Amino acid sequence: MKKWWQKEVIYQIYPKSFYDSNGDGIGDVKGITEKLDYLSDLGVTMLWLCPIYRSPMDDNGYDISDYYQLNPEFGTMEDLDELIEKAKKKNIKIILDLVINHTSDEHPWFQDAINNPNSPYKDYYIFKEGKDGEEPTNWRSIFGGSVWEKVKDTNEYYLHVFSKKQPDLNWENEKVRNDLYDMVNYWLDKGLAGFRVDAITFIKKDQSYESIPSDGVDGLAKVTKCARNQKGIEKFLTELKEKTFSKYDCVTVGEAPGVPYDQLEDFIGEKGYFSMIFDFSYADLDVESGSEWFKRRNWTIKELRDRIFKSQLEMQKVGWGAIFSENHDQPRSISKYIKEEDRNYYSTTMLAALFFFLRGTPFIYQGQEIGMTNFERTSIDDFNDLSSIDQYYRSLEEGFSKEEALHIVNLRSRDNGRTPFHWDDTKNAGFSLGTPWIKLNENYTEINLKAEENKKDSVLEFYKKIIQIRQNGKYSDCLIYGDILPLDIDIDDIIAYQRCYENQNIVCVFNFSNKSQSISLPIKSTDIVLNNYDTISITEQEINLKPFQLVLIATEKV
Ligand code: NOJ
Ligand code: CA
């Protein structure tokens, strides 16, 4: 059955770095409202805002100290109401980030839990006694060090899967769950279209709370083995859906790492916990494990293709996917997938279309649509992201030199995607009249929105075009709802698939190489839906592609 959220195009905003309306160096909600014309003109239909709730900002808002207030830096509840209302007038919906695996350690629940001996909130978190002066278990937190932090002057420790300023909530406690459900419903009643649901596969912990064999030099063991997608999580996720989401016609996008494909059916599809989930299998193909960046992998285009297709086919079997190539935790896609010497209009647009026309709801991360790239920092002091700092020291620990460690972090740092948006080539890229909270990418004088707007054949123009083709074109049904069918091409750096819907069929071919290449495909029609060059050479048997050329062709099924 078709769902309204399948036809959305979602634009992800990192509010801190989007647009600063009052010159304090920090992007804010009013700043987003001021840019609604731009977003509407781009053609996106929904905005996902990274956390804007009250927060000490240890993890830039993923550490919430009040679920019912906005962080003053971002503005007031009235500002948010205004944004929701004005966006609605432009047919743009808003979803927020839902962070319910943990709170901030500055949340009143946690403060009461550690300061009040009879606190009713003690059981809102996970406290365990130390063993012989040591941590309760050897589990390693995602952001480095132990998951356990000692409570001052006691032998008690609390668990944090992420930073020590992000204590995990105790989902085993019904009161916690009900408080969270009330909060979710409060926001949905406000008129939000739904949520992106943060780190949701971490809410259930292995209840034995035992150490497991270490897998690092520090004697610690991956927390993903004992606190991610654990047995019993189904009870919590079913209840969450029943008591909140299912009462509304909302969209939910689960950040659900660690879900094997054979469990997808529980997570998405008619009976799934969420409308769609992200699959990180191809986003993380440059590293062995998403959280240890020094374990880099040499990957090939064929591997990327195989991973994308595997993911698409598994999702298609049971439900719907969330399609992305960038977000606030990932490097910029051009920098990750395209070699430096090959970065140009053709490779950038080829990459954009490759992801955009996969089956699922496409996400565009702020700045992606103007071709923003990674920003190389020359000192570890220039990083803000706590996982970058952790990974720098982890790399040193593993024996890498300082230069190597910096290089590793530059490739993967979450700060790559968090530099302010480039509006123009004036001071601070037009982002702020004050001092930006984080260094700008120095290439803003060349890569910026204004320059894109003044250029013929710009990346921006291309994004507008692909959005228009998917949303309001002759082949919209096919490009939105159509099945995906990978095409078996024996050239390793060409990716090709078909989208098929009723009597429509679109062949999509992407030359992921700086050389011209031909593939044999019997194409009957020459109704070119999209092409990043002016021309395309197609014979009855062959398509001849120029370097990084992409074409979408409406044709009979091949
Ligand atoms: C995933 C978020 O995307 C990331 O930015 C954050 O640090 C962690 N979850 C913890 O909330
Ligand atoms: Ca501001």
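Tell me whether region 286-306 contains one or more residues that are among the aliphatic types (A, V, I, L, M) and assigned to a loop (DSSP other than H, G, I, E, B). Checked region 286-306: no residue is among the aliphatic types (A, V, I, L, M) and assigned to a loop (DSSP other than H, G, I, E, B).
Would a scan of region 302-314 turn up a residue that is among the aromatic types (Phe, Trp, Tyr) and open to solvent by less than 10 Å² (accessible area, probe 1.4 Å)? No, region 302-314 contains no residue that is among the aromatic types (Phe, Trp, Tyr) and open to solvent by less than 10 Å² (accessible area, probe 1.4 Å). For region 198-220, the set of residues classified as open to solvent by less than 40 Å² (accessible area, probe 1.4 Å) and either out of contact with any strand residue (DSSP E or B) (no Cβ under 9 Å at 6 or more places or on another chain) or assigned to a loop (DSSP other than H, G, I, E, B) (or both) consists of ASP198, ALA199, ILE203, LYS204, LYS205, TYR209, GLY216, GLY219, LEU220, listed by residue number. Being closer than 30 Å to GLU340 by Cα, of a type in the set (A, V, I, L, M, F, W, C) and at pLDDT 95 or above is true of LEU530.
Does region 257-283 hold any residues that are in contact with a Leu (Cβ under 9 Å, 6 or more places away or on another chain), within 19 Å of LYS235 (Cα to Cα) and in a loop (DSSP other than H, G, I, E, B), and which are they? Correct list: GLY272, TYR273, PHE274.
A count restricted to region 259-309 and to residues that are within 17 Å of GLU326 (Cα to Cα) and small (Gly, Ala, Ser) stands at 4. The strands (runs of 3 or more DSSP E) found wholly in region 460-557 and carrying at least 2 residues that are open to solvent by less than 40 Å² (accessible area, probe 1.4 Å) and within 19 Å of TYR346 (Cβ to Cβ) occupy 494-501, 504-511, 517-520, 527-531, 542-545, 550-554. Here the strands (runs of 3 or more DSSP E) wholly within region 1-73 that include at least 1 residues being of a type in the set (A, V, I, L, M, F, W, C) and within 16 Å of ligand 1 (Cβ to nearest atom) are 10-13, 46-49.
Listed residues PRO108, PRO120; which is more than 16 Å from ligand 1 (Cβ to nearest atom), outside the structural domain of ASP66 (by TED's automatic domain parsing) and under 17 Å from ASP63 (Cβ atoms)? Of the residues listed, the single one that is more than 16 Å from ligand 1 (Cβ to nearest atom), outside the structural domain of ASP66 (by TED's automatic domain parsing) and under 17 Å from ASP63 (Cβ atoms) is PRO108.
Among the residues making up region 342-400, a single one is crowded, with 23+ Cβ neighbours inside 10 Å, polar (S, T, N, Q) and either part of a loop (DSSP other than H, G, I, E, B) or within 16 Å of ligand 2 (Cβ to nearest atom) (or both): GLN366. With respect to (1) within 19 Å of PHE309 (Cα to Cα); (2) among the aliphatic types (A, V, I, L, M); (3) open to solvent by 60 Å² or more (accessible area, probe 1.4 Å), the lone exception for ILE277 is condition (3). Scanning region 282-301 for residues that are more than 18 Å from ILE142 (Cα to Cα), out of contact with any Asp or Glu (no Cβ under 7 Å at 6 or more places or on another chain) and open to solvent by 20 Å² or more (accessible area, probe 1.4 Å) yields a count of 1.
Does TYR248 meet the test of being open to solvent by 20 Å² or more (accessible area, probe 1.4 Å) and over 28 Å from VAL509 (Cβ atoms)? Against the criterion (open to solvent by 20 Å² or more (accessible area, probe 1.4 Å) and over 28 Å from VAL509 (Cβ atoms)), TYR248 qualifies.
When region 38-76 is filtered for residues that are within 16 Å of ligand 2 (Cβ to nearest atom) and either surrounded by fewer than 18 Cβ atoms within 10 Å (Cβ to Cβ) or more than 18 Å from GLU255 (Cβ to Cβ) (or both), the ones remaining, listed by number, are ARG54, MET57, LEU70, ASN71, PRO72, GLU73, PHE74, GLY75, THR76.
GLY133 falls short on exactly one of the conditions (1) touching a Pro at 6+ places or on another chain (Cβ under 9 Å); (2) surrounded by fewer than 19 Cβ atoms within 10 Å (Cβ to Cβ), and that condition is (1). The residue that is surrounded by the most Cβ atoms within 10 Å (Cβ to Cβ), counting only those in region 420-459 that are over 23 Å from the mean Cα position of the chain (by Cα), in a loop (DSSP other than H, G, I, E, B) and among the polar types (S, T, N, Q), is SER432. Contact map, region 135-148: first residue within 16 Å of ligand 1 (Cβ to nearest atom), second residue among the polar types (S, T, N, Q) and in a loop (DSSP other than H, G, I, E, B), Cβ cut-off under 6 Å, separation 6 or more or different chains; pairs are ILE142/SER291; PHE143/SER163; VAL147/SER141.
The values are calculated or read from the model by the stated rules, or taken from the named source; none is laboratory data. Nothing here was measured: the structure is a model prediction, and the numbers come from that model. Counting neighbours? That spans all protein chains shown, and the Cβs are built from the backbone with ideal geometry, glycine included. For accessibility, only protein heavy atoms count, side chains too; no ligands or nucleic acids. Shrake-Rupley method; radii C 1.70, N 1.55, O 1.52, S 1.80 Å.
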